[in-house]
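Undergrad: Okay, here's the structure, questions in a sec.
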Amino acid sequence: MPRVKPGERQRAYRPKTLRRIKCDEGKPFCNNCTSVNRQCLGYSHSDSLSGSSRKNQVHSTTSVARLDRDISPALNSTDAEQRAFEYYRSRTSSHLAGIQDQEIWERLILQRARVDPGVRHAIIALASFHEDFERGGFERVKSNEVFGLKQYNLAIKEQINLVTNRNGRAEPEAYLPCIVFMLRSNFTSAALLTKKVIGLLHSLRESNQTSKMLLEFLERRFRQIELQSREMFGYKDYSPASPVPHTETPASIPEVFSSVAEAQAFMDYYGQLYRMALHAYEAATGVTQSKNTTVDEGLSEHDPRRGFAQTYISVLNRWTKAFDALVDSRAGSFTEAEMRTISILRMHQRHNQISLEVSTRHTSPDDQMFWDDYCPVYDQIINLTEEFMASQSRENNTSFSLDQFTIGPIFELARRCRDPRIRRKALKILRACHIREGMWDSELAVLVIERIIAIEEDGAIVQSCQDVPSWRRIFNIQHVLDMEARTIVLKYDRKASATRSVTVQMQEVISW
């Protein structure tokens, strides 16, 4: 092995616990570590370049490309496993990467798959389900379902064996198969598992043997799934573990964000803090976000949650100022991927602004007319979404991601905005492409929105918001998806009629 020249050593002099292993300076991980399934602790995940390294950056890029080609499934893999592995590497990893996670999905997890059979089976299962989705949707094409579920079960088995061999100590990658479970499971079971996983990941934060980069990534992903479970079917039992900001972000919102990824990380982090503050209050007081107390339907005058919302409006205003400063300072220099993310962040900023402002208003849940005030903002959200969709290059009009890009905000817009033009634009967006974003599925969202519109308009000639009177508007909407039964249970409240102001509770089943 050639001796490393003075001044070129990139590995930190950090002692390794257990048996000492000599570092071979392999990148992105020491091969002597990964060959024996050992977590390499020598490199910082920021991997800053020295002056000498910058001079050889072209050579390093070539070496990394060669490393990617060398990563392959185990020699005893079946033809189907090898094909699925290649599908993950060539297609699935880029769909899952988003703006923050290229290093995770396209490099780190592939590197782990080289030495960890559990990770390898998990990404093969993900690739199998992704391929089925691209060929026509999860519920229409099931040619790979048995194969994918088998790979998922093998991933679980391998991780259990690995934890047993480590005397019960689990590494973050042990929870990677749970992401597969979220995409294929009954959503209520997935929500319960999400809470458990977040607690277990939280317990790994102080471990010196844990990859902080992978730990942050998994905890952030599972918190996003937890949020989706609340938005989709009202799951209220949040994990009590507090979120952790990205290790590379400042302690507070700066005057100007350094990157689009940093702006996204701050939005995710403070959004999680706000939702946890609400949940902590509700858990302590016994108040639930159900009849007459739903935050995004307006709160009573003395409800403390109005104060929470006002605080986070201030946070969101600081975020918007720092984000606008970033966009202005780098105008014309963003990549296409960054421009798409900018559109998405602006869309979510406007969506969050509406939700927070509504939380500070003293309104009754059955007063749905105030949503009409936000039609101009809804129009902006539609335009930003159309801009994002136009920039996407999708084959077969499909998109598969764990990120929440468009479906959630557009779904919320379509069920609350009674302007017929804006509503139909939202439906058009959801119908145009088959999109899967974590638990959200655009085709299922369309079914719910179409039914809500049919209930509220019900044969009336609707040319503006005012043509949908208060008594026609439904509220306290809940929808519970059952993937196995292929049904959506839609629950809502409404006024009995134009002449009877009594509130009635309704429930119906949508099948597909």
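Undergrad: Of the residues GLN349, GLN404, GLN392, which is surrounded by fewer than 22 Cβ atoms within 10 Å (Cβ to Cβ), at pLDDT 90 or above and of a type outside the set (D, E, K, R)?
TA: GLN349
Undergrad: Then there is this: Identify, from the list SER203, SER189, the residue that is under 30 Å from CYS433 (Cα atoms) and either modelled with pLDDT of 70 or more or of a type outside the set (D, E, K, R) (or both). Don't jump to the end; show me each part of the working.
TA: Details: SER203 fails: under 30 Å from CYS433 (Cα atoms).
The match here is SER189.
Undergrad: Of all residues in the range 484-509 being hydrophobic (A, V, I, L, M, F, W, C) and within 21 Å of GLU443 (Cβ to Cβ), which is modelled with the lowest pLDDT?
TA: ALA485
Undergrad: If I ask for residues that are crowded, with 20+ Cβ neighbours inside 10 Å and not in a helix (DSSP H, G or I), which ones from the range 438-472 would you list?
TA: If the condition is that a residue be crowded, with 20+ Cβ neighbours inside 10 Å and not in a helix (DSSP H, G or I), then GLY438, MET439, TRP440, ASP441, VAL468 are the ones that fit.
Undergrad: Quick check on the range 303-315. Is at least one of its residues modelled with pLDDT under 90 and either aromatic (Phe, Trp, Tyr) or on the phi > 0 side of the Ramachandran plot (or both)?
TA: There is at least one residue in the range 303-315 that is modelled with pLDDT under 90 and either aromatic (Phe, Trp, Tyr) or on the phi > 0 side of the Ramachandran plot (or both).
Undergrad: Still on this structure, please answer the following. In this structure, does GLU387 turn out to be closer than 19 Å to LEU481 by Cα, assigned by TED's automatic domain parsing to the domain that holds HIS351 and not hydroxyl-bearing (Ser, Thr, Tyr)?
TA: Answer is no for this residue.
Undergrad: Every residue in the range 473-500 that is more than 26 Å from the chain's Cα centre (by Cα) and part of a loop (DSSP other than H, G, I, E, B), please.
TA: ARG473, ILE474, ALA496, SER497, ALA498, THR499, ARG500
Undergrad: For VAL197, are the conditions met, namely being at pLDDT 80 or above, in a helix (DSSP H, G or I) and β-branched (Val, Ile, Thr)?
TA: yes
Undergrad: If you check LEU183, LEU227, which single one turns out to be assigned to a helix (DSSP H, G or I), modelled with pLDDT of 70 or more, of a type outside the set (S, T, N, Q) and not assigned by TED's automatic domain parsing to the domain that holds PHE266?
TA: LEU227
Undergrad: Are there any pairs with C-beta distances below 8 angstrom linking a residue in the range 476-490 that is free of Cβ contacts under 8 Å to residues at least 40 places away in the same chain to a residue that is among the charged types (D, E, K, R), with the two at least 6 apart or on different chains, and if so which?
TA: Note: pairs meeting the criteria are VAL489/ASP482; VAL489/GLU508.
Undergrad: On to the next question. Looking at the range 352-375, can you tell me whether even one residue there is surrounded by fewer than 19 Cβ atoms within 10 Å (Cβ to Cβ), more than 20 Å from the chain's Cα centre (by Cα) and within 24 Å of VAL256 (Cα to Cα)?
TA: no
The values are calculated or read from the model by the stated rules, or taken from the named source; none is laboratory data. Given the structure is predicted, the values throughout are model-derived calculations rather than measurements. Neighbour counts are summed over all protein chains in view; Cβ atoms, including those assigned to glycine, are modelled from backbone coordinates with ideal geometry.
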